[in-house]
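Everything on this sheet refers to the single structure shown next.
The values are calculated or read from the model by the stated rules, or taken from the named source; none is laboratory data. These figures come from a predicted structure and were not determined experimentally. No Cβ is skipped: glycine too gets one built from the backbone with ideal geometry, and neighbour counts run over all protein chains shown. Ligands, DNA and RNA are excluded from the accessible area calculation, which covers all protein heavy atoms including side chains. Shrake-Rupley method; radii C 1.70, N 1.55, O 1.52, S 1.80 Å.
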Amino acid sequence: MTELRQRVAHEPDAPPEDKESESEAKVDGETASDSESRAESAPLPVSADDTPEVLNRALSNLSSRWKNWWVRGILTLAMIAFFFIIIYLGPMVLMIIVMCVQIKCFHEIITIGYNVYHSYDLPWFRTLSWYFLLCVNYFFYGETVTDYFFTLVQREEPLRILSKYHRFISFTLYLIGFCMFVLSLVKKHYRLQFYMFGWTHVTLLIVVTQSHLVIHNLFEGMIWFIVPISCVICNDIMAYMFGFFFGRTPLIKLSPKKTWEGFIGGFFATVVFGLLLSYVMSGYRCFVCPVEYNNDTNSFTVDCEPSDLFRLQEYNIPGVIQSVIGWKTVRMYPFQIHSIALSTFASLIGPFGGFFASGFKRAFKIKDFANTIPGHGGIMDRFDCQYLMATFVNVYIASFIRGPNPSKLIQQFLTLRPDQQLHIFNTLQSHLIDKGMLTSTTEDK
């Protein structure tokens, strides 16, 4: 022991630089480990029973299982009725509702992060989160206005200037937020602040980007907005019904209440529902025509000559099925065939958006994103599958449906200088003559 003490006493002290780096590493290490451990143990708000008192009294004699069934059922019918009302009010109201839903979903996810790490009192966290939301919405909605309201933008000088420099303004706004984040960095919270920076940006990617695609789908025609959303709603309801009455086999550990019976029953019910809804909606111009802005009336119009996609056609039925149903042909809209793809995605892949949300909630030990809708949780709990569906529909339209838009080409053509217009005219004329669609005259030559 004496030798050991002498040895320790004679050992040289570590250089000041090493001590400083060790202490600095220790501070950072403590911050990282503490942030993770405290994130796991941080008590998040427990979901309270916010069922309306009227329903509580009416259902007081039922078991909790049946009480939850009735609460979910009644409020589901109320939400469907609200959905019909906003459809009736038109595309502008729908776009406003989409934006409100987007903001509420963003608020719910950011609030979870704030509740997990609130004890650290991170500087500017919530302010910067909402600032980035503003920047991203300015960028996306500015792109939409320029694309779909082109003539209106060109007619108004302030809008024309904002449209011309839109991307530069958007990037400048983002850079301001980026610099504010760098200036807000605190030594003992470096890693945690970068966690939350990533949290905000992933939330923007999931919520804002995909809600923007919902609006793009809406402009392609109300049917591309209503049918996918309705298929997701139908699958959610029917999977719950089949699972409630027939469910025995667990589907996935992330959602213990989900069953194979509900998953399969929801799939078949959704495909049938999609075919029927598509047949009904394809016969109305107000649903199938693209949403366009009328410069004369300064309002949205949905009047057009329906494309072949929405005209009844006769299809031959395969021989195997003919022997069963006795029909040789069937008359249906081509869009109904596309509805099979939409409903299949809504019932087979769409639920994985819900499973993803379930994994997220389990990671933070919460039941729901919020308590906005009694029996259903938060707005994000209802739209976790819808955002994934919106992305698929947008990709599907771009890949299999949408072609060049002549009206947009003409709008851009009219904004060119006269010499550029004349050059395009001569090029197009020569191309049509070569194709044999126009005859050349001596004067032309």
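Listed values, structure above:
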item	result
Residue list for the range 290-311, filter: open to solvent by 70 Å² or more (accessible area, probe 1.4 Å) and either over 30 Å from Val153 (Cβ atoms) or of a type in the set (Phe, Trp, Tyr) (or both)	Asp308, Arg311
Exclusive hit being open to solvent by 80 Å² or more (accessible area, probe 1.4 Å) and out of contact with any Asp or Glu (no Cβ under 8 Å at 6 or more places or on another chain), set Tyr174, Tyr165	Tyr165
Leu205, sole failed condition from (1) modelled with pLDDT of 90 or more; (2) buried (at least 19 other Cβ atoms within 10 Å of the Cβ)	(2)
Every pair of residues 6+ apart whose Cβ atoms lie under 8 Å, when the first sits in the range 84-100 and is closer than 16 Å to Ile229 by Cα while the second is surrounded by 13 or more Cβ atoms within 10 Å (Cβ to Cβ) and of a type in the set (S, T, N, Q)	Val98/Ser211; Met99/Asn137; Met99/Ser211
Residue that is least open to solvent (accessible area, probe 1.4 Å), among those in the range 370-386 that are among the aliphatic types (A, V, I, L, M) and assigned to a helix (DSSP H, G or I)	Met380
Of all residues in the range 220-263 being within 21 Å of Ile340 (Cα to Cα) and among the polar types (S, T, N, Q), the one that is surrounded by the most Cβ atoms within 10 Å (Cβ to Cβ)	Asn235
Lone unmet requirement of (1) over 30 Å from Lys187 (Cα atoms); (2) under 25 Å from the mean Cα position of the chain (by Cα); (3) among the β-branched types (Val, Ile, Thr); (4) open to solvent by 60 Å² or more (accessible area, probe 1.4 Å) for Thr76	(4)
For Val272: the one exception among (1) surrounded by 15 or more Cβ atoms within 10 Å (Cβ to Cβ); (2) modelled with pLDDT of 95 or more; (3) not aromatic (Phe, Trp, Tyr)	(1)
Subset of the range 140-157 [more than 27 Å from Gln102 (Cα to Cα) and open to solvent by less than 90 Å² (accessible area, probe 1.4 Å)]	Thr151, Gln154, Glu156
Residue in the range 65-73 that is in a helix (DSSP H, G or I) and more than 30 Å from Phe244 (Cβ to Cβ) present	no
Residue, nearest to the chain's Cα centre (by Cα), within the range 189-209, restricted to residues that are hydroxyl-bearing (Ser, Thr, Tyr) and either under 20 Å from Tyr138 (Cα atoms) or not in a helix (DSSP H, G or I) (or both)	Thr209
Residue in the range 390-407 that is part of a helix (DSSP H, G or I), of a type in the set (Val, Ile, Thr), on the phi < 0 side of the Ramachandran plot and open to solvent by 60 Å² or more (accessible area, probe 1.4 Å) present	yes
Residue that is farthest from Tyr396 (Cα to Cα) [pool: residues in the range 316-340 that are hydroxyl-bearing (Ser, Thr, Tyr) and at pLDDT 90 or above]	Tyr333
Residues within the range 347-369 that are touching a residue at least 40 places away in the same chain (Cβ under 8 Å) and either buried (at least 21 other Cβ atoms within 10 Å of the Cβ) or within 28 Å of Val271 (Cα to Cα) (or both), tallied	10
Ile321 being surrounded by fewer than 20 Cβ atoms within 10 Å (Cβ to Cβ), aliphatic (A, V, I, L, M) and outside any helix (DSSP H, G or I)	no
Residue selected from the range 324-343 under the condition of a type outside the set (S, T, N, Q) and closer than 20 Å to Tyr284 by Cβ, by the criterion most open to solvent (accessible area, probe 1.4 Å)	Arg331
Criterion violated by Leu55 - all others in (1) touching a helix residue (DSSP H, G or I) at 6+ places or on another chain (Cβ under 9 Å); (2) at pLDDT 75 or above satisfied	(2)
Residue within the range 328-343 that is touching a Phe, Trp or Tyr at 6+ places or on another chain (Cβ under 6 Å) and part of a strand (DSSP E or B) present	yes
Those helices (runs of 4 or more DSSP H) lying entirely in the range 84-176 with at least 1 residues at pLDDT below 90, under 20 Å from the mean Cα position of the chain (by Cα) and within 16 Å of Thr209 (Cα to Cα)	91-117, 125-148
Identity of the residue in the range 292-334, touching a strand residue (DSSP E or B) at 6+ places or on another chain (Cβ under 9 Å) and of a type in the set (A, V, I, L, M), that ends up nearest to Leu276 (Cα to Cα)	Met332
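Residue-wise test of (1) assigned to a strand (DSSP E or B); (2) over 26 Å from Lys328 (Cβ atoms); (3) in contact with a Gly (Cβ under 7 Å, 6 or more places away or on another chain).
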{"position": "Ala239", "(1), (2), (3)": "no, yes, yes"}
{"position": "Phe263", "(1), (2), (3)": "no, yes, no"}
{"position": "Phe267", "(1), (2), (3)": "no, yes, no"}
{"position": "Leu276", "(1), (2), (3)": "no, no, no"}
{"position": "Tyr279", "(1), (2), (3)": "no, no, no"}
{"position": "Cys286", "(1), (2), (3)": "no, yes, no"}
{"position": "Asp296", "(1), (2), (3)": "no, yes, no"}
{"position": "Glu314", "(1), (2), (3)": "yes, no, no"}
